[in-house]
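Here's the structure, in structure tokens; my notes come after.
The values are calculated or read from the model by the stated rules, or taken from the named source; none is laboratory data. Quick caveat: nothing in here was measured; it's all calculated off a predicted structure. Backbone-built Cβ (ideal geometry, glycine too); neighbour counts: all protein chains shown. Ligands, DNA and RNA are stripped out before the accessible areas are found, and what is left, the full protein with its side chains, is counted by its heavy atoms. Shrake-Rupley method; radii C 1.70, N 1.55, O 1.52, S 1.80 Å.
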Amino acid sequence: MPPRHRVILLLFALAICATLPGCLSLGINDVRYDGSALSVRASNSGEAREAAIQVTVFRMKDLAQAEVVTETRTIQLASGVHEYTIPLSLPPGSYKLYIYLIVDNDRKASVIRDITV
């Protein structure tokens, strides 16, 4: 295939991707813990859709980690940046949070955060 045809084919493929619904960017921004709940700011550049936020909490002690809890919440992921709250009660200590944003049973974004309570 001549190089000119490849360029035209590539431009055509990019134009199709740009016009198809579902092309989106998801992200997890700030994460805060207030003593009774975890607040997760998530961003969505696409249309609103059903999603889930999963948080797995590990307690850090003596250079080891032990799983404390896994919480999953179904959310309506709105377009733009929004805050979602997950009720969570943690005793004082150091923790590692693994946070996943799941859409259509596929992990779209994830972060790991360390917190001290």
Quiz item: Hey, quick one: spin label on Thr74, modelled 7 Å out along Cα-Cβ, who in the range 25-51 has an amide N within reach, i.e. under 12 Å?
Solution: 50-51
Practice problem: Could you order Glu47, Glu83, Glu71 by accessible surface area, starting with the largest, using a probe radius of 1.4 Å? | Solution: Glu47, Glu83, Glu71
Quiz item: By the scheme Lys and Arg +1, Asp and Glu -1, what is the net charge of all other residues having a beta-carbon under 12 Å from that of Tyr98?
Solution: 0
